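A short worksheet on the structure shown next.
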Amino acid sequence: MLPKFTKKVLCFSLAFSLVACSNVSNNKTSMTSESISAKETLYLNTQNYESLISLYRNVLKEKDDPMIRYKLANAYYDKGDSHSSSLYLAPLLTQNQKNEIAKKAKELQVKNLIQLKKYDEAVSIANELLGLAPNNGVAYNLRGIAFAQLGNLNKARDDINKARELFINDVVAVNNLAMLNIINGDYRNAVSLLMPQYINGIRERRLIHNLVFALIKSGDIEYAKDIIRKEQLNTSPDDLVKALSKAEPIFKEVRR
């Protein structure tokens, strides 16, 4: 989860958007009971990863199921434990790569590598994904994030734009393109990308945080304070602005 703004904030953590939503639905997957399905929905909606992990583990103790195994690995990733995620994901990576679950597992493998800061490996696995599915927008987005973390902003921009062309969630793509501008110190262009989304009613937290940071860095303090108050980002807008005006962006991959 993204860090909350408090009066003691000393730095601002910006977030790349990995995917629009991390859980995978599969109409062919049947849970063991309606109660399990209801619990799963509740835990996903409340981001209760500990209970979600416990739920999936209990199901898998009765019977190994590839989709439940994927969901378990994904829940560990969302919790921030990419080591455990990788452990439970491993059996799925040996499946036929044309299998839909195997493809999703490979995408999760790249996300884990990014979270573990193994960016070169993430690029390599993303290349494998794109070799199998040249129109995989998720893979382009993930490779773009890895390139950005490696400092190759041109390749990162090309990949994220390609992901957008392939209809990855537009909010995700716009946020990531704005992130590249922020990395490059081009705060006004970041604002020009994020502001229309905000004005049109998008209230995705990562986007709002990045917009506020870019506004402050570009000198539009009053507008930033207005958003801080409206979105209740901090009880003291002045304190937050003061902290962020001195901060350098710290990039952190989001888990959802």
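The values are calculated or read from the model by the stated rules, or taken from the named source; none is laboratory data. Note that this is a predicted model, so its numbers are computed, not measured. Neighbour counts run over all protein chains shown; Cβ positions are idealised from the backbone, glycine included. These area figures cover heavy atoms from the full protein model, side chains too; ligands, DNA and RNA do not enter into them. Shrake-Rupley method; radii C 1.70, N 1.55, O 1.52, S 1.80 Å.
Quick one: count up the residues across the stretch 48-70 that are in a helix (DSSP H, G or I), open to solvent by 30 Å² or more (accessible area, probe 1.4 Å) and touching a helix residue (DSSP H, G or I) at 6+ places or on another chain (Cβ under 8 Å). Don't jump to the end; show me each part of the working.
Let us first name the residues in the stretch 48-70 that are in a helix (DSSP H, G or I), namely 49-62, 66-70.
Those left that are additionally open to solvent by 30 Å² or more (accessible area, probe 1.4 Å): 50-51, 54, 57-58, 60-62, 66, 69.
Remaining after also requiring touching a helix residue (DSSP H, G or I) at 6+ places or on another chain (Cβ under 8 Å): 50-51, 57, 60, 66, 69.
Residues flagged as in a helix (DSSP H, G or I), open to solvent by 30 Å² or more (accessible area, probe 1.4 Å) and touching a helix residue (DSSP H, G or I) at 6+ places or on another chain (Cβ under 8 Å) within the stretch 48-70 amount to 6.
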*What are the pairs, 6+ residues apart or on separate chains, where a residue within the stretch 167-188 that is surrounded by fewer than 20 Cβ atoms within 10 Å (Cβ to Cβ) has its Cβ under 7 Å from a residue that is of a type in the set (Phe, Trp, Tyr) and not in a helix (DSSP H, G or I)?*
none
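So, of the residues in the stretch 207-239 that are among the small types (Gly, Ala, Ser) and outside any helix (DSSP H, G or I), which turns out to be most open to solvent (accessible area, probe 1.4 Å)?
Quick first cut of the stretch 207-239, residues among the small types (Gly, Ala, Ser) only: 214, 218-219, 224, 236.
Next, from what is left, pick out any that are outside any helix (DSSP H, G or I): 218-219, 236.
Working: Ser218: 24, Gly219: 54, Ser236: 24 Å².
Only one residue tops the list, namely Gly219.
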*the stretch 174-208, residues that are closer than 27 Å to Glu107 by Cβ and touching an Asp or Glu at 6+ places or on another chain (Cβ under 9 Å)*: Asn175, Leu180, Gln197, Arg203, Arg205, Ile208
_If I filter the stretch 189-201 down to residues being in contact (Cβ under 8 Å) with a residue 12 or more places away in the chain, farther than 25 Å from Ala146 by Cβ and not aromatic (Phe, Trp, Tyr), which single residue comes out as surrounded by the fewest Cβ atoms within 10 Å (Cβ to Cβ)?_
Met195
*Say whether the condition of being closer than 22 Å to Asn176 by Cα, modelled with pLDDT of 95 or more, within 22 Å of the chain's Cα centre (by Cα) and open to solvent by 30 Å² or more (accessible area, probe 1.4 Å) is met by at least one residue in the stretch 5-23.*
no
*Give the stretch 105-118 a look and list any residue that's within 15 Å of the chain's Cα centre (by Cα) and of a type outside the set (S, T, N, Q), or say none.*
Glu107, Leu108, Val110, Lys111, Leu113, Ile114, Leu116, Lys117
